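Just so you know, all these numbers are worked out from the coordinates, no wet-lab data involved. Here the structure is a predicted model, which means the values were calculated and not measured. Cβ placement follows ideal geometry from the backbone for every residue including glycine, while neighbour counts extend to all protein chains displayed.
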Amino acid sequence: MNSEFMDALKDLEKERGIEMDVLIDAIEAALISAYKKHYGTAQNVRVEINRENGDIHVFYRKEVVETVEDETLQMSLEEAREFDPDFEVGDIFESEVTPKSFGRIAAQTAKHVVVQRIREAERNMVYGQFATRKDDIVTATVLRTEGRNVYIDLGKSEALLAPSEQIPRESYQVGDRLKVYILEVRKTTKGPQIMVSRTHPGLLKRLFEREVPEIGDGTVEIKSVVREPGWRSKIAVYSKNENVDPVGACVGTRGMRVQSIVNELAGEKIEVIRWDEDPAVYVSNALSPAKALSVEVDEAEKFTRVIVPDFQLSLAIGKEGQNARLAARLTGWKIDIRSESQAAEEMELATEEAQAENSPPIIEENAAEVDIADEKSE
């Protein structure tokens, strides 16, 4: 190695952010292995690289001991004091053993180490870049498909969109641009592995944060998000500012804001719900588009009983129970839905049962009278 090589290391430090001392330490460690392998020695050696001119020096090292047990690693105190009378037991004796032909081996080894470190640095930079963006969304391009797996180009790296994270019925073609949610970033020996999602509720939340300025500046707050990806989703929003309609802000003029998000999510139906601290009101809102006539709340069991008009029962429950299921997940409350006529029938039945329980035991009294009459006739 020479001064030009050292200058190149300094340039790497500036351009790649890899500290020069870290590189040199790694090269020195690699040269120790290269020296032992090439010259077939078991000696304890140390390699030193001059930071200015790149000169390399190899030193063998021996520990000064009273009694020598391993001549390759140890030296007697008596022998050491022949070189320097100040040596004591436990000191380390060093002597330079740099081979004349070591320059070529050193250059190859140094090149290999530098290339390896550059790759590691790039991987760490990519990992650091995306690890800090976990739970965020990025716009990416479909790179390729392998079976049901879709690989996404993120610029300096690629990510995996697994089958479980893909929106049902959505197709992916090479070159398609789409927004994905960064689900997880893992460190592996082959570099960072980035997992992304199109189905995570966080994707919907981030899309609203980008599309609705009132959410971005904190005027409107997202309280809860639930999805059945590709089909339907509900998002509960709230504003402390009484002059701001949180639902209207999210929907936008003529529904333009929410429609852009619907388009991004392959036509997924999105319902924006007004959050309320009163669970009865919140549950009622969550069952939209159905209108609740009444909501009974059991806070101990976190259970609600909702009465809706007869003609809206199927609307409240939804296809295959989807609307009721999403409303329950959105609010965190169990929801029992009954039509107005069902509730009336149940009330009537309950009233009859209560009256029956409170009515006098006529049959038992008659039986007692008969027994008394029989006793008198005897």
request  = With only Lys, Arg, Asp and Glu charged, each at its Cβ (+1 for the first two, -1 for the last two), find how big the charge dipole of segment 3-121 is about the Cα centre; round to the nearest 20 debye.
outcome  = 1020
key: Entries of LYS190/LYS223; LYS190/LYS234; LYS179/LYS291; LYS10/LYS36; LYS14/LYS100; LYS156/LYS234 with Cα pairs more than 30 Å apart   = LYS190/LYS223; LYS190/LYS234; LYS179/LYS291; LYS14/LYS100; LYS156/LYS234
task = Quick one: which residues, 5+ away or cross-chain, put their amide H under 5 Å from the amide H of ASP55? H built at 1.01 Å from N.
result = ASN50
key: Charge-dipole axis of segment 201-275 as Lys and Arg at +1 and Asp and Glu at -1 on Cβ define it, positive-most pick from VAL225, LEU207, ASN241   = VAL225
request  = Using a cut-off of 12 Å between beta-carbons, work out the net charge of the residues near ALA316 (Lys and Arg +1, Asp and Glu -1, ALA316 not included).
outcome  = +1
ask   = Given a Förster radius of 25 Å and the C-beta distance between SER171 and GLU221 as r, what FRET efficiency does 1/(1 + (r/R0)^6) yield to the nearest 0.05?
value = 0.10
task = Loop only per DSSP, at most 13 neighbouring Cβ atoms within 10 Å: give me the GluC sites (Glu not before Pro) in segment 169-257, ordered by residue number.
result = GLU242
Charge context of THR72, other residues only, Cβ under 13 angstrom, K/R +1, D/E -1 = -1
inquiry  = Quick one: 3J(HN,Hα) in Hz for segment 59-76, Karplus 6.51/-1.76/1.60 with θ = phi - 60°, rounded, Gly and Pro as x.
reply    = 10, 8, 10, 9, 8, 7, 9, 6, 10, 7, 10, 9, 5, 6, 10, 10, 9, 6
message = About the Cα centre, and with charges only on the beta carbon of Lys, Arg (+1) and Asp, Glu (-1), how big is the dipole of the chain? Nearest 20 debye, please.
response = 3100
request  = Provide the per-residue ³J(HN,Hα) series for segment 155-169, in order, calculated from phi with Karplus coefficients 6.51, -1.76, 1.60 and θ = phi - 60°, each as a whole number of Hz, with x at glycine and proline positions.
outcome  = x, 8, 8, 10, 10, 9, 9, 6, x, 5, 9, 9, 6, x, 6
remark   = Of the residues ASN124, THR145, SER171, the Cα lying farthest along the dipole of segment 96-184 towards its positive end, which is defined by charges on the beta carbon of Lys, Arg, Asp and Glu, belongs to ASN124
query = Using alpha carbon centroids, what distance separates segment 187-211 and segment 259-313, in Å?
reply = 28
query = Pick from LYS62, LYS187, LYS156: which residue has the top mean-square fluctuation in a GNM of the chain where Cα pairs under 10 Å get a spring?
reply = LYS62
inquiry  = What are the membrane-span-like helices in the chain by this rule: whole DSSP H runs, Cα extent along the axis at least 30 Å, mean Kyte-Doolittle hydropathy at least -1.0?
reply    = 102-131
ask   = Distances over 17 Å make up what percent of all Cα-Cα pairs in segment 201-275?
value = 34
request  = Using only the Cα atoms, work out Rg/Rh for segment 137-197, with Rh taken as the Kirkwood radius, to two decimals.
outcome  = 0.93
remark   = The Kirkwood hydrodynamic radius of segment 118-246, taken as the inverse of the mean 1/r over all distinct Cα pairs, in Å, comes to 16.1
task = Could you list which residues have their amide H under 5 Å from that of SER224, counting only those 5 or more apart in sequence or on another chain, with H placed in the peptide plane?
result = ALA236
task = First obtain the Kirkwood hydrodynamic radius of the chain from its Cα pairs, then insert it into the Stokes-Einstein equation at 37 °C and 0.692 mPa s, and state the resulting D in µm² per second as a whole number.
result = 115
Dimensionless Rg over Rh [segment 3-121; C-alpha; Kirkwood] = 1.07
task = Could you let me know the centre-to-centre spacing of segment 122-150 and segment 24-42, using Cα atoms, in angstrom?
result = 38
